[in-house]
1. So A140 clears everything in (1) among the aliphatic types (A, V, I, L, M); (2) surrounded by 15 or more Cβ atoms within 10 Å (Cβ to Cβ); (3) closer than 17 Å to T115 by Cα except one condition, right? Which one?
2. Any residue in the range 80-101 that is within 25 Å of R123 (Cα to Cα) sitting within a Cβ distance under 9 Å of a residue that is aromatic (F, W, Y) and exposed (fewer than 14 other Cβ atoms within 10 Å of the Cβ)? List the pairs, counting only those 6 or more apart or interchain.
3. Could you grab me the full set of residues in the range 122-135 that are buried (at least 20 other Cβ atoms within 10 Å of the Cβ), touching a residue at least 40 places away in the same chain (Cβ under 8 Å) and assigned to a loop (DSSP other than H, G, I, E, B)?
4. Name, by its number, the condition in (1) touching a Phe, Trp or Tyr at 6+ places or on another chain (Cβ under 9 Å); (2) modelled with pLDDT under 95 that does not hold for M3.
5. State the number of residues belonging to the range 143-153 that are surrounded by fewer than 16 Cβ atoms within 10 Å (Cβ to Cβ) and of a type in the set (A, V, I, L, M).
6. If I filter the range 57-86 down to residues being assigned to a loop (DSSP other than H, G, I, E, B) and surrounded by 12 or more Cβ atoms within 10 Å (Cβ to Cβ), which single residue comes out as farthest from the chain's Cα centre (by Cα)?
7. For A96, state whether it is over 19 Å from the mean Cα position of the chain (by Cα) and surrounded by 13 or more Cβ atoms within 10 Å (Cβ to Cβ).
8. Give the residue that is surrounded by the fewest Cβ atoms within 10 Å (Cβ to Cβ), with candidates limited to residues of the range 154-182 that are farther than 21 Å from L101 by Cβ and of a type in the set (D, E).
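The values are calculated or read from the model by the stated rules, or taken from the named source; none is laboratory data. Please read these numbers as outputs of a predicted model, since none were measured by experiment. Don't worry about glycine lacking a Cβ; one is built from the backbone with ideal geometry, like all the others, and counts go over all protein chains shown.
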Amino acid sequence: MEMRVLALGLAVLALSACDSGTVPSPADRQYSEAAADLEFDENLIILRPDGLTAGPEAFYFAAGQSEVEAAVARVMGGKPEMIVANQCSGGPLESASFSGLSVHFRGGIFVGWSTRDDSEQVRVAGDVQFGSSRETAKAALGYSPIGETSIGEEFALGGEIGGAIVDDTVVVLYAGAQCISR
């Protein structure tokens, strides 16, 4: 009897260890794998669908504002310009702007990023970068057109990263919470 209870307990334990979460799409896996493939560089910000890496430190959305800001400032150099957008759905959004990179916070929590930065310091996981051609964006795994808006021809990459094209060039990429007037 004790052996049956032990076997049943082990079976329950094994089943409870299984992941019942959603499986990422191939496009989402591509962007996660692309971030993992980038070499570590203390002077590099890697923007991912679920957060960012600033030099040796990685942050998922939901990380604390002070930690994320400090890590990005170390890589980008200098203090950010702080911008508060009060008319956003979901409540005010505070952004730390470092030249063409903005890191977004709501209530002291890291909730998103957007980039218009073509410097060597900022990379987006995957093949599509700020300044990429329309052809590069359209050829990317998971590319899906959204339509014309006030910021350009918007598109999605794997459902997690968004962007816009103007004059056949990617002019912005973003992930997480945004405050965009469309």
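1. (3)
2. Qualifying pairs under 9 Å: none.
3. Taking the range 122-135 as the starting set, the residues that turn out to be buried (at least 20 other Cβ atoms within 10 Å of the Cβ) are 122-126, 128, 130, 132.
Applying the additional criterion that residues be touching a residue at least 40 places away in the same chain (Cβ under 8 Å) yields 122-126, 128, 130.
Once the filter is applied, which keeps residues that are buried (at least 20 other Cβ atoms within 10 Å of the Cβ), touching a residue at least 40 places away in the same chain (Cβ under 8 Å) and assigned to a loop (DSSP other than H, G, I, E, B), the range 122-135 yields A125, G126, V128, F130.
4. Looking at each condition in turn, M3 falls short on (1).
5. 1
6. Step one: list which residues in the range 57-86 are assigned to a loop (DSSP other than H, G, I, E, B), which gives 61-63, 77-80, 86.
Filter once more, keeping what is surrounded by 12 or more Cβ atoms within 10 Å (Cβ to Cβ): 61, 63, 80.
Working: F61: 8, A63: 13, P80: 19 Å.
The residue in question is P80.
7. no
8. D167
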